[in-house]
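Here is the structure we will look at, set down as structure tokens.
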Amino acid sequence: MLGFRGGQLAICHIVGLVCENAEILGRGRELAVGDGNLMAMLSTGAYAACMSSSHISRPRTVEVMMDGGKAHPVRERQRSEALFALEHLLR
């Protein structure tokens, strides 16, 4: 757990955004669930940003590289407006 700020322990499943059957990253993990808590996935396979897409109209997330205890943003979070900026309506 990164950025632990308290909370209740709970048994959780860690799933992707759409929660399709193949998007389960962890089952039955004991996590502290609370406002402001952060979790880092150290190995995500196809969930890495280089394999990301916006097929469900969700902006890509920020990428952060950790150096010891210091976080360095290496790619900014995609803005929603950028998802549709190059699209045109049929007329």
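The values are calculated or read from the model by the stated rules, or taken from the named source; none is laboratory data. These numbers come from a predicted model, not from an experiment. Cβ atoms come from the backbone with ideal geometry, glycine included; neighbour counts cover every protein chain shown. What goes into the accessible areas is simple: the full protein's heavy atoms, side chains included, and nothing from ligands, DNA or RNA. Shrake-Rupley method; radii C 1.70, N 1.55, O 1.52, S 1.80 Å.
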Report task. Starting from residues that are at pLDDT 80 or above, open to solvent by 100 Å² or more (accessible area, probe 1.4 Å) and outside any loop (DSSP other than H, G, I, E, B), keep the ones in the stretch 21-54 and report whichever is farthest from residue 69 (Cα to Cα). Result -> 27
Requested in this report: Quickly run through the stretch 64-91 and pick out the residues that are surrounded by 10 or more Cβ atoms within 10 Å (Cβ to Cβ) and farther than 27 Å from residue 39 by Cα.
Outcome: 84
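How many residues are at pLDDT below 85, over 13 Å from the mean Cα position of the chain (by Cα) and not in a strand (DSSP E or B) when one looks only at the stretch 55-91?
Let us first name the residues in the stretch 55-91 that are at pLDDT below 85, namely 55-66, 69.
Pick out the ones that are also over 13 Å from the mean Cα position of the chain (by Cα) and you get 55-57, 65-66, 69.
Now narrow it down to the ones that are not in a strand (DSSP E or B): 55-57, 69.
Of the residues in that region, 4 qualify.
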